[in-house]
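There's a structure below that I have some questions on.
Any read-out appearing in this document is the output of simple, stated calculations on the displayed coordinates, not a laboratory observation. These figures come from a predicted structure and were not determined experimentally. Backbone-built Cβ (ideal geometry, glycine too); neighbour counts: all protein chains shown.
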Amino acid sequence: MRLVQLLLAEEDTERILSILDDEGIDYLLFETAGSDGEGVDGDKSVDGDVLVEFPLPDQAVEYVEDRLGEAGIEQRYVITLAAESARTERFAELEDRFITGTEEGDSISPAELRTTALNLHPDPLPYYSMTVVSALVAVAGLLVDSAALVVGAMVIAPQVGSALTASVGATIGDWEMLDDGVRAQLLSLSLAVLGAAAFGVALQFTGFVSPTVDVETIAQVGERTSPGLLTLAVGLAAGIAGAVGLATALPVSIVGVMIAAALIPAAAAVGIGIAWSEPGVAIGASVLLVANLVSVNVAGFATLRAFGYRSADTDTSSGPRLGPVLLALALVAAVLASGALFTAQASFENEVNSAVGDVLDDEAYDDLELVQTRAEFVVVPGSSPPDVRVVVHRPADEPFPDLAADLGGVIEDRTGREVNVGVEFVEVQRYEAEG
């Protein structure tokens, strides 16, 4: 619930009290003493100003503010506070009306939305330092193929604040918020990539990880280097969840983990690709990072718009500043570039999956069961043919020496690309019950 405090001129008192009475809102009325000092927004305080205080359910704040605005009441000084509980004569009726009744709703007021988003964004030093630290933890998790460490990196990453700041700024037309949110995301993720690359080089130099290790074969790394529709869905879901949590005043700390899941491991994988001079890893993870970054912000903006939030600035004569316009153009360019690469990779993977399925459908391979297919990122200028790794279950002690060649031939015919095919056999013994 919220406790609202309004300071207004004496001549508005009768109108606001009439509105509160009509809506069944209990209130307290205080008279203020005038002074010769500066008042709100530089106005002189005068005798006769009044302070009205009343409790509301979260969902009713925006409705009441709209009522006051329609009545032409000047709200010179407004504070909305979080409160634990209220015991007034008619508060239970308000809860029934706005929480479970005909006017139920979940969204908070635009002013509270803006304030909450700004409060989620920490000061620059802890924000950027924790982003880099989370990227280093993610590098360790990816290299040792530990999902637990990767999750730990997501937990400590502070990306939720800047992502939601940008989405809210774009939604309500606060160009400074949008500018700050986008800049913070780009700078923090750039630092994460550089920190991950430096950490990777340090691990090789100190001998903790061999420079000759094939990082593409590590499952946690491979998952971030071949972006597909399912990985893109993570970014979209993260943006939606973040916006819903913010707009409904639900805890967004857990949602922040999902936003970090879409960004931090991908940034760490880019750094690993740079450190190990693997362009396929670096470019593939970069495409995933850009695609998820755009998805989080666009999904957050679209969700807030769906909740009904709009810009409160009706003066469009000056238009947005140059900074947000340039950011918007850069966003469009990133969408087009990553979208083209994403589409090419998705098409390649679909063709590879189809070719592998066709080969394994052959009678000669009836005893094999497909476990996983992974295709290296293909859009790397000047690189060697992409690797395709296929994992299959096979009966114990039954060789299939021609499988890799058969797969390679069909994949090349289907995709029109030369490929390197590696097959990993997992031997399986089965016992089937009789009857």
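Per residue of the chain, what 222 nm ellipticity follows from adding -39500 (n - 2.57) for every DSSP H run with n ≥ 4, rounded to the nearest 500?
-18500 deg cm²/dmol
Would you work out the relative contact order for the chain, in percent, from Cα pairs under 8 angstrom that are 6 or more residues apart?
Relative contact order here is 12 percent.
Going by average Cβ density within 10 Å per residue, which order do the peptides 145-152, 273-280 take, highest to lowest?
Sorting 145-152, 273-280 by mean packing, highest first, produces 273-280, 145-152.
What helices does the chain have that are whole DSSP H segments, at least 30 Å long along their own axis by Cα, and with mean Kyte-Doolittle hydropathy of 1.0 or more?
TM-like helix candidates: 253-275, 279-306, 322-360.
Can you order the peptides 78-84, 196-202, 428-434, 168-174 by their average number of other Cβ atoms within 10 Å per residue, highest first?
Packing order, densest peptide first, comes out as 168-174, 196-202, 78-84, 428-434.
Work out the charge dipole of the chain with +1 on the Cβ of Lys and Arg and -1 on the Cβ of Asp and Glu about the Cα centre, then indicate which of ILE79, GLN185, ILE25 is farthest towards its positive end.
So the residue furthest toward the plus end is GLN185.
Can you check what the net charge comes to around ALA261, using other residues whose Cβ is under 14 Å from the Cβ of ALA261 (Lys, Arg +1; Asp, Glu -1)?
0
Write down the Å³ per residue value for the convex hull defined by the alpha carbon atoms of segment 186-278.
107 Å³
Name the shape class, rounded, prolate or oblate, that the alpha-carbon gyration tensor gives for segment 346-428, where a ≥ b ≥ c are the square roots of its eigenvalues, rounded holds for a/c under 1.5, and otherwise prolate holds if a/b is larger than b/c and oblate otherwise.
Prolate, since a/c reaches 1.5 and a/b exceeds b/c.
While we're on this one: What does DSSP give for the chain in terms of the percent of beta bridges that are antiparallel, rounded to the nearest 5?
Percentage antiparallel, nearest 5: 75.
Strictly greater than 20 Å: what percent of every Cα pair in segment 85-200 meets that?
56 percent
What distance in nm lies between label points placed 7 Å from Cα along the C-beta direction at ASP22 and GLN204?
So the two model labels end up 7.2 nm from each other.
For ARG310 paired with PHE30, estimate the spin-label separation in nm (one decimal), with each label point 7 Å from Cα along the Cα-to-Cβ line.
A separation of 3.6 nm, rounded to one decimal place.
Next up: Take LEU194 and THR217, extend 7 Å from each Cα along the Cα→Cβ direction, and tell me the distance between the two endpoints in nm.
The two pseudo-label positions are separated by 3.4 nm.
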